[in-house]
Amino acid sequence: MLSRQLLFAFRGVQRCCGRPISSPSSVATFRKCYVSSNAGADSPSSTTPEPVFAGRNLWRADTLTSFQEKPQAWLSTLEDKHDRKIGLLDLHPDVFRAPPRLDIVHRNIVWQQNYRNVQFTKTLTRAEMPGGGKKPWPGKRMGRSKAGSIRAPYFRGGGIAHGVRGPRTWFYMLPDALRLKGLCTSLTIKHNQDDLVIVDSFDRLPSPDAQFLHDLADHRNWGYSVLFIDVPDRACENLALACADIPSFNIMPTYGLNCYSMHKYQTLVMTHEALNYLEERILFHLHRADTLQNKFRYKDMKEKLLNEGEGEDDPVHAPFV
Amino acid sequence: MAARNFASMAIRNRLYCKSLSSQSFLRRCLSSSSESNAVSSVGKLGTSQEEPKIWEDPWRHALGPPPPPEEYTTEFEESSAEWKFVERLFPHDVIPEPPKHESYPTPSGWRPPRDPAPNLPYFIRRLRNHMLPLFLESRRDQLNLETMDYDYVELVKLKNVQGDVFACERDLRAYLESKVGHSIATHVNELQGAIRVKGVERADVERFLFEQGF
């Protein structure tokens, strides 16, 4: 099946470059054909990596097990609306064929939704309400119910008995091991369900036209919502302008990748550079010597948190929260 | 007349000496102020003009002028030849690969996984620290009405089982029952690929895994 896919890819290349290719196993001729035909059209950017067809270096991939599939993904380009494949990448099985721990993904998503919650409301008890120190009327002879204070909960305008006692936070940190497994499982799900697209670079997008990106996404059957992932947090101009007009197409840097976003957006479009970076970082943390069970204490992070917005003070404009 | 002359001479001498000494003192002060301030009373940087008289510095006269101060060059050379002694003290950031030993098992009882993997319908993957995925779990059992304490059950958990978990559980149970002699209870968590065993020591399960070649 894989060889048939390769054959299809080569046939596609043959059509575009016009030169006949004898056998699908001739990688060198394929490379030569691609490079010579598109020499003029190549944009002179140093960050665009070379299209790869050979295997990637998978660091510490387990070669002994036969129960973990070796996943692969096509490398395509955004130059044209037609999905032209320019390479085939080997993906790391620990990241893209992790065991399908849906319970861990659920925990990650619940954590993401809850750990930022802060409750600012507070209700006053009968002790905190103004007044209410004196017994309003004597207990006997009045024919009225006994009352000790006009601010008791059974009084109109009295304190609340078991009310909201804010400010309160639902902050907690999930251990590193669970967050890593959640990321790996989410990437596995995305790749396995054909929702992961790997692209050579976003600056190959020819125009800032939103309609072009729309047509491209329609043609390639990407779905309603697409998340573009790149390494730097400054996006390419064309992509930024195009995505600005389409509300369901969003761009995110690699450091913002999370389980919630991966499942919210139907398709994940990643650059080759972003893929390398993500794999390297995830594998580093999977094999790091530190423990993956961390205790997140506020006092360790307090200074960093309080100084978070230090460089963001603008002399004129108020901060946007 | 002679005595008075002599006395006066003596007085004059004394005064002359005093004046001389005062003059030399004054001269010294003037010379020191005209020159730099780094002139010590004992050892003077030597020009012939500033050499003190014998009575001003008898030590110098006896021992000779002090040796000149050692001159150190301000140039330095950076060498990274000793950096390896610092580097080997750094903690690891990534768990390293285990070294190759001549024979296995090592003195601690560790063995590497067999290459190629055994031809079984399951595979048990090592942890990231190259150890077997065996853990101990202590679960609370029933309340002991005699001692009024809870009894605890110790379980051995085997994780990272890929492939047919039930086949692994069958093989494990057969091996352990023959080794231990009594029946044992197991629980299989298929989704997580884990097997929990009650009634055995962790070392017995470890022996099973090493014999299988995982």
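Nothing in this text is a laboratory measurement; each read-out follows from the coordinates by a stated rule. None of the values given here were measured: they were computed from a predicted structure. Cβ: placed from backbone, ideal geometry, glycine included. Neighbour counts: every protein chain shown.
Summary of values
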item: Extent along principal axes [Cα atoms of region A:263-321; Å; largest to smallest]; result: 42, 33, 22
item: Pairwise label distance in nanometres, B:Glu82 with B:Leu63, each label 7 Å out on the Cα-Cβ vector; result: 3.4 nm
item: Chymotrypsin sites (Phe, Trp or Tyr not before Pro) lying in DSSP loop within region A:136-229, provided at most 11 other Cβ fall within 10 Å; result: A:Tyr154, A:Tyr172, A:Tyr224
item: Kirkwood-type radius of region A:138-196, with distances r between different C-alpha atoms, in Å; result: 17.4 Å
item: Paramagnetic reach from B:Glu154 (point 7 Å along Cα→Cβ, amide N under 13 Å) across region B:160-204; result: B:198-204
item: Spacing of the two label points (7 Å from each Cα toward its C-beta) at B:Glu137 and B:Glu56, in nm; result: 9.6 nm
item: Centre separation in Å (Cα based) which lies between region B:111-180 and region A:167-219; result: 37 Å
item: Links that overshoot a 19 Å alpha carbon limit, given the list B:Lys100/B:Lys157; B:Lys159/B:Lys198; A:Lys122/A:Lys295; B:Lys157/B:Lys198; A:Lys181/B:Lys159; result: B:Lys100/B:Lys157; A:Lys122/A:Lys295
item: Förster radius 45 Å - calculated FRET efficiency between A:Thr121 and B:Glu146 (Cβ-Cβ, nearest 0.05); result: 0.30
item: Three-way shape label, region B:122-212, alpha-carbon gyration tensor, a/c 1.5; result: prolate
item: Taking A:Asp94, B:Asp115 and counting other C-beta atoms within 10 Å, the order from fewest to most; result: B:Asp115, A:Asp94
item: Contact order relative to length of region B:145-213, as percent, for alpha carbon pairs under 8 angstrom and 6 or more apart; result: 39 percent
